[in-house]
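What follows is a single structure, written as structure tokens, with notes after it.
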Amino acid sequence: MFLPRVKVELINPEDNIRFIRNYLGKEKKDNTTRPFYEKTLALYPELRDIDRAVDEAEREEMIRRAVTKRLEENREEIRKRMDYFSERFDTFMDGFIEASCRLFNYEWKPDQPVITCYTGYLPFYPRSAAEKVFFVSYQDEERVFSGAVHEINHMIFFDKWNEMHGGNVTEPAWPDPLWYLEEIIVDPTLNEKSVRKHTLYENRAYPQFYEPGETGESMMDRILKLFRSRKSMEDFLEEAYAAICKEIKG
């Protein structure tokens, strides 16, 4: 089985600035699925007065100054952490990716030989499943490794779903039902026995998926039942998607 290499690179400061600008925007402030705004301010307390900026130019300058200062002042430490992340990835990533591909009944394509892990200073770990990149924060430890397997799980799922649906699937974003599916199934797939032994840490989906509904059963409860009774991975993914569509439309 062909396996990609996980390569650790320094984040482009402009990307780091763009992410922070996004997390502090109105859309993210109003999005209750995750605490984007609050966690960003916890990481960058100097930006707590960001909403007092008189215009977008001042707001942009405040964010740019805070992010650039943090990256420049910690450049040596970031490089050391990148070396450490790379060394740790080398100890388990091959086993994890191979086990995950086997679980999804998917063959990784040789034309995508590298997954890139960009290291910066971030409250959340964005990704592009299509482009095979994800972003981490240099000061983290456990979260980098649990985050890495979480994001690569999304990549394998995205490619598998694309394979099942003609190859023209657009990478989903909230509140697309496909976004819910890819975020929910990290629990059953990353904690499946053959995969779990390669992940270093237990992985869970977002807390709201475990909240019980009117029947006392959570969305995760229903998806786990489908996973345990699956006839094939393909059947599970289709059934789970249908169940999620019904849930969020109901």
Open item on the list: Looking only at region 69-104, count every residue that is without any contact (Cβ under 8 Å) to a residue 24 or more places away in the chain, touching a helix residue (DSSP H, G or I) at 6+ places or on another chain (Cβ under 9 Å) and basic (Lys, Arg) and tell me the total.
Closed with: 1
Open item on the list: I'm trying to understand the selection: among the residues of region 7-28, which are in contact with a Ser or Thr (Cβ under 6 Å, 6 or more places away or on another chain), outside any helix (DSSP H, G or I) and more than 18 Å from Val144 (Cβ to Cβ)?
Closed with: Leu24
Task: Every pair of residues 6+ apart whose Cβ atoms lie under 6 Å, when the first sits in region 33-55 and is within 24 Å of Phe209 (Cα to Cα) and in contact (Cβ under 8 Å) with a residue 60 or more places away in the chain while the second is surrounded by 10 or more Cβ atoms within 10 Å (Cβ to Cβ) and of a type in the set (A, V, I, L, M) - done: Thr40/Leu24
TODO: Go through (1) aliphatic (A, V, I, L, M); (2) under 25 Å from Ile185 (Cβ atoms); (3) surrounded by 15 or more Cβ atoms within 10 Å (Cβ to Cβ); (4) more than 23 Å from the chain's Cα centre (by Cα) one by one and return the number of the condition Ile115 breaks.
DONE: (4)
Task: Among (1) out of contact with any Cys (no Cβ under 8 Å at 6 or more places or on another chain); (2) of a type outside the set (D, E, K, R); (3) over 30 Å from Leu71 (Cα atoms); (4) open to solvent by less than 50 Å² (accessible area, probe 1.4 Å) - the single one Trp108 does not satisfy - done: (1)
Open item on the list: Tell me yes or no: at least one residue of region 36-52 is outside any loop (DSSP other than H, G, I, E, B), modelled with pLDDT of 95 or more, out of contact with any strand residue (DSSP E or B) (no Cβ under 9 Å at 6 or more places or on another chain) and within 19 Å of Ile11 (Cα to Cα).
Closed with: yes
Task: Pairs where the first residue, in region 195-219, is basic (Lys, Arg) and the second is part of a loop (DSSP other than H, G, I, E, B), C-beta under 8 Å, 6+ apart - done: Arg196/Glu202
Open item on the list: Looking at Gly95 and the list (1) of a type outside the set (Val, Ile, Thr); (2) part of a helix (DSSP H, G or I); (3) open to solvent by less than 10 Å² (accessible area, probe 1.4 Å), which single condition is not satisfied?
Closed with: (3)
- [ ] Determine whether region 148-165 contains at least one residue that is open to solvent by 20 Å² or more (accessible area, probe 1.4 Å) and in a loop (DSSP other than H, G, I, E, B).
- [x] yes
Open item on the list: So the check is Cβ under 6 Å with 6+ separation or different chains; which pairs have a first residue in region 228-249 that's under 24 Å from Lys193 (Cβ atoms) and a second one that's charged (D, E, K, R) and part of a helix (DSSP H, G or I)?
Closed with: Ala243/Arg222
TODO: List every residue pair whose Cβ atoms lie under 7 Å apart, where the two residues are 6 or more positions apart in sequence or sit on different chains, the first residue falls within region 1-25 and is open to solvent by 60 Å² or more (accessible area, probe 1.4 Å), and the second residue, located anywhere, is at pLDDT below 95.
DONE: Asn22/Lys28
- [ ] Go through Phe134, Phe124 for me and flag whichever is in a loop (DSSP other than H, G, I, E, B), under 19 Å from Phe19 (Cα atoms) and of a type in the set (A, V, I, L, M, F, W, C).
- [x] Phe124
- [ ] Scan region 71-92 residue by residue and report those that are open to solvent by 10 Å² or more (accessible area, probe 1.4 Å) and farther than 22 Å from Leu43 by Cβ.
- [x] Asp83, Ser86, Glu87, Arg88, Asp90, Thr91, Phe92
Task: Counted residues, region 179-210 - those being under 17 Å from Ile244 (Cβ atoms), at pLDDT 95 or above and out of contact with any helix residue (DSSP H, G or I) (no Cβ under 7 Å at 6 or more places or on another chain) - done: 2
Open item on the list: Being in contact with a Phe, Trp or Tyr (Cβ under 9 Å, 6 or more places away or on another chain) and either within 19 Å of Asn153 (Cα to Cα) or surrounded by 15 or more Cβ atoms within 10 Å (Cβ to Cβ) (or both) is the filter here; which residues of region 222-233 pass it?
Closed with: Ile223, Leu226, Phe227, Arg230, Met233
TODO: Residue by residue through region 234-247, note down the ones that are modelled with pLDDT of 95 or more, surrounded by fewer than 14 Cβ atoms within 10 Å (Cβ to Cβ) and not small (Gly, Ala, Ser).
DONE: Asp235
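The values are calculated or read from the model by the stated rules, or taken from the named source; none is laboratory data. Being a predicted model, the structure only gives us computed values, none of them experimental. Methodologically, a virtual Cβ is constructed for each residue, glycine included, from the backbone with ideal geometry; neighbour enumeration extends over all protein chains shown. Note: accessible area is taken over every heavy atom of the protein model, side chains too, but ligands, DNA and RNA are not part of it. Shrake-Rupley method; radii C 1.70, N 1.55, O 1.52, S 1.80 Å.
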